[in-house]
Structure formats: C-alpha cells, structure tokens
Amino acid sequence: LIANMQLVPDDPRPASRPSGLRIGTPAVTARGMGERGMGGIGRQVDQVLNDGTSASIASESLRLAQAFPIDQRSL
C-alpha cells in the first residue's frame, strides 16, 4: 500500500503538517479485494497506530495476502 499525509477539510493544522492520511488502493484492487478486504486493512492500520507495533497484525496480514494472491495479469 502507498500512504501519504493529506489535508482534510477545516484542518486547523498548517499545510506543512496535515492531519489526514490517504491510503492508495492499486495494490488492493490488483489482488481483487473489495470493500471487505480494505475494511480489514483499515482495522489493521488502526491497530498499528494505536498499539505502535505491527507484530499484532502479522498473522492477519499474511491471511489476507494468501486469500487474495496478486493476479499477474493486472500488473
């Protein structure tokens, strides 16, 4: 996934320090994931941001990757 910081409407912070996070989805769509798969990824991102570690989501990430292998024709 590709992520970058973005401005959000009525953001009180300056443009040099935006509050938003944009997550690109080309890798998700290349795997054929839909809203349900992206929802799982969103929950994992939330967990990492709250826990401060990715160890707690490693098995779920692997399960998602195995459930949605990359379709080489979409690359």
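The values are calculated or read from the model by the stated rules, or taken from the named source; none is laboratory data. Computed from a prediction, not measured in an experiment: that's the story for all the values here. Every residue, glycine among them, receives a Cβ derived from its backbone with ideal geometry; neighbour counts consider all protein chains shown. Ligands, DNA and RNA are excluded from the accessible area calculation, which covers all protein heavy atoms including side chains. Shrake-Rupley method; radii C 1.70, N 1.55, O 1.52, S 1.80 Å.
Relative contact order of the chain: what whole-number percent is it, with Cα pairs under 8 angstrom and at least 6 residues apart? Can you show the working numbers first?
On the way: 59 pairs, mean separation 20.1, N = 75.
So the answer I get is 27 percent.
Counting heavy atoms of the protein chains alone, residue 56 has an accessible area of about 60 Å² for a 1.4 Å probe. Between 54, 19, 66, the Cα set farthest toward the positive side of the dipole of the chain (charges on each charged residue's Cβ, about the Cα centre) is that of 66. Taking every protein chain into account, the 1.4 Å probe leaves residue 38 with about 50 Å² of accessible area, to the nearest ten. Each residue of segment 25-38 is assigned a 3J(HN,Hα), and the resulting list reads 10, x, 5, 5, 5, 5, 8, x, 6, x, 4, 4, x, 5 Hz, derived from the Karplus form 6.51 cos²θ - 1.76 cosθ + 1.60 (θ = phi - 60°), x at Gly and Pro. Split the accessible area of the chain by element, probe 1.4 Å, and carbon with sulfur accounts for 55%. The residues of the chain present an accessible area of 75 Å² per residue when probed at 1.4 Å with all protein chains retained. In this entry, the chain is assigned a mean projected area of 6.2 nm², taken as a quarter of its C-alpha convex hull surface.
Hey, got the dipole for the chain? About the Cα centre, +1 on K and R Cβ, -1 on D and E Cβ, debye to the nearest 20? Spell out each step's value before the answer.
Values: 8 positive and 7 negative charges, 36 e Å.
I would put it at about 180 debye.
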